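Everything on this sheet refers to the single structure shown next.
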Amino acid sequence: QSFKLLGFLDVKNVPCSRESVLYGSVGSLVVGLGHFLATSRVRRSCDFAVGGFICTMLGYWFYCRYNLAQHRIRQRMLKEGMRNKILFEGSSLDPERKQTGNEGSNS
């Protein structure tokens, strides 16, 4: 079953959302607890924890989505290269075939 964060973000089906929420919660804990240990102010530490959650979650979200986009681009290029390899293998357009000046004559 899926879990919707804030009513619209489906954590199970949206790529990078689960990891972003998990890293955001860890970042929230670290920032909030660190601020509390430094200042002993509870309310201000909770504010910092919420800010830490948002910053960490969004930071990891953009990092993960960027890497996912790069991975998809590399995957598409590899797929296109494999298709071209199969299509042009053995033909005159094959880039791996040795190109010599007297290819057609045997003398």
Do we have Gln99 as at pLDDT 95 or above and not acidic (Asp, Glu) here?
-> no
Result of the Cβ filter at 6 Å on the stretch 18-45, keeping first residues that are without any contact (Cβ under 8 Å) to a residue 12 or more places away in the chain and within 20 Å of Arg65 (Cβ to Cβ) and partners that are of a type outside the set (Gly, Ala, Ser) and in a helix (DSSP H, G or I), at least 6 apart or interchain, is none
Mind checking which residues of the stretch 48-88 are over 20 Å from Gly34 (Cα atoms) and of a type in the set (S, T, N, Q)?
-> Asn67, Gln70, Gln75, Asn84
Output the qualifying pairs, or none if there are none: Cβ atoms under 8 angstrom, residues six or more apart or on different chains, first residue in the stretch 55-71 and without any contact (Cβ under 8 Å) to a residue 60 or more places away in the chain, second residue surrounded by fewer than 17 Cβ atoms within 10 Å (Cβ to Cβ) and in a helix (DSSP H, G or I).
-> Thr56/Val26; Tyr60/Glu19; Cys64/Glu19
Residues of the stretch 14-51 being in a helix (DSSP H, G or I), in contact with a His (Cβ under 9 Å, 6 or more places away or on another chain) and basic (Lys, Arg), in sequence order, are Arg44
Of the residues that sit in the stretch 80-96 and are surrounded by 10 or more Cβ atoms within 10 Å (Cβ to Cβ) and of a type in the set (Asp, Glu), which one is modelled with the lowest pLDDT?
-> Asp94
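The values are calculated or read from the model by the stated rules, or taken from the named source; none is laboratory data. This is a predicted model, so every value here is computed, not measured. Glycine also receives a Cβ, built like all others from the backbone with ideal geometry; neighbour counts cover every protein chain displayed.
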